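In what follows, a structure is listed as structure tokens, so that the remarks can point back to it.
Every number in this text was worked out from the coordinates using simple rules, so none of it is lab data. Nothing here was measured: the structure is a model prediction, and the numbers come from that model. Virtual Cβ from ideal backbone geometry, glycine too; neighbours counted across all protein chains shown.
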Amino acid sequence: MAGIDESRKFIPLKIAVLTVSDTRDLSDDKSGGTLAERIGKAGHALAARTLVKDDVKKIRAQVKKWIADKAIDVVITTGGTGFTGRDVTPEAVEPLFEKRMDGFSAMFLLVSERKIGTSAIQTRATAGVARSTFIFCLPGSPGACKDAWDEILVHQLDYRYRPCNFVELLPRLDEHLRRPKAKGATA
């Protein structure tokens, strides 16, 4: 059965939060605030928090900066996952993915459908792995951030969660880069 295994020690992660918005600043960023509060409450460290405008180059540059930082384990973005012309977060971030996490998008859709019905199809929430960093792109509403954290991320970012979680995978995300060549290999 899924749940917390109290015999395992909690491992705090370093998580960066990026809000993507043309209309907000950090002082009125409720979605980023919701995530920051939940990250701290769960026992993780807020490694960084910033806001950028809905611009592919700016979003991608900030995410690239964070995934290059070995001190950051997870990047969570909020905003820019809808269908309007300004919504460009998936276009900015998905090209960075080395591996897509289609299961996150499907799970988020299931969680959202229970809360907002068929309106859930209006999100393009996405996730993946890049440079040994987990990246989750959430919608820009505080409710969506709350739902994604409370029903998915709080569990998957907790080493004690069984039967499996993302924390136990972190040391192995770049194993293909560390593995020595096989004897006789030419590549």
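Using a Förster distance of 22 angstrom, determine the FRET efficiency expected from the C-beta separation of Glu175 and Asp102, and round it to 0.05.
In this case the efficiency is close to 0.55.
Within 15 Å, Cβ to Cβ, of Pro12, how many net charges do the neighbouring residues add up to if Lys/Arg are +1 and Asp/Glu are -1?
+3
Placing unit charges on C-beta atoms (Lys and Arg positive, Asp and Glu negative, everything else neutral), compute the dipole magnitude of segment 11-171 about its Cα centre in debye, rounded to 20.
Result for segment 11-171 is approximately 280 debye, rounded to the nearest 20.
Could you please rank Phe134, Phe104, Phe97, placing first whichever residue has the fewest other Cβ atoms within 10 Å of its Cβ?
Phe97, Phe104, Phe134
If the label point is 7 Å along Cα→Cβ of Ile116, which residues in segment 11-39 have backbone nitrogen under 20 Å from it?
18-25, 28-38
Can you compute log10 of I(q)/I(0) for segment 11-171 with the Debye formula, treating each Cα as one identical point scatterer, at q = 0.11 Å⁻¹?
For the requested q values the scattering log ratios are -0.37.
Under the classification rounded if a/c is under 1.5, otherwise prolate if a/b is larger than b/c and oblate if not, where does segment 19-89 fall, given a ≥ b ≥ c as square roots of the Cα gyration tensor eigenvalues? Write out the running numbers ahead of the final one.
On the way: a/c = 2.18, a/b = 1.30, b/c = 1.68.
It comes out oblate by the Cα gyration axes.
From the gyration tensor of the Cα coordinates in segment 61-136, what semi-axes in whole Å does the equivalent ellipsoid have, largest first, with each one equal to sqrt(5λ)? Write out the running numbers ahead of the final one.
On the way: eigenvalues 112, 39, 18 Å².
Ellipsoid semi-axes (Å, largest first): 24, 14, 9.
Over 21 Å between C-alpha atoms is what I'm after, so list which of Lys70/Lys99; Lys30/Lys57; Lys99/Lys146; Lys115/Lys146 land there.
Lys30/Lys57; Lys99/Lys146
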